[in-house]
1. So in segment 14-47, with the set limited to residues that are at pLDDT below 90 and among the charged types (D, E, K, R), which one is surrounded by the fewest Cβ atoms within 10 Å (Cβ to Cβ)?
2. Can you tell me how many residues within segment 1-31 are assigned to a loop (DSSP other than H, G, I, E, B), of a type outside the set (A, V, I, L, M, F, W, C) and more than 12 Å from ILE68 (Cα to Cα)?
3. Which condition does GLY6 not pass, out of (1) within 17 Å of GLN63 (Cβ to Cβ); (2) in contact with a Pro (Cβ under 9 Å, 6 or more places away or on another chain), if it passes all the others?
4. How many residues does segment 54-70 hold that are more than 11 Å from the chain's Cα centre (by Cα) and open to solvent by 90 Å² or more (accessible area, probe 1.4 Å)?
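The values are calculated or read from the model by the stated rules, or taken from the named source; none is laboratory data. Bear in mind that the values here come from a model prediction, so they are computed numbers and not experimental data. Note that each Cβ is placed from the backbone with ideal geometry, even for glycine, and that neighbours are counted across all protein chains shown. Protein only, heavy atoms only, side chains kept; ligands, DNA and RNA dropped before computing areas. Shrake-Rupley method; radii C 1.70, N 1.55, O 1.52, S 1.80 Å.
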Amino acid sequence: MADYAGALQAALVAHLVADAPLAALIGGRVVDEPGQVALPYLQIASLDGAADDTDLTTGATVQVGLVIRT
């Protein structure tokens, strides 16, 4: 999971920021850590993965936790 968690998170952030209806609601504020972010925002709270390899492929099942603060 660690090998591609960063790439998965970056792709998820890019997709969420590019979503026009979501951007209209939260102003494009998609974060990993809330810090000093103006409300409302969406936080990617967790990416939990488990290996799901077969004899011929490498894969994982990933559960994403999102938090929306308003």
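1. Only one residue fits best here, namely GLU33.
2. Qualifying residue count for the region: 3.
3. (2)
4. Final tally of qualifying residues: 6.
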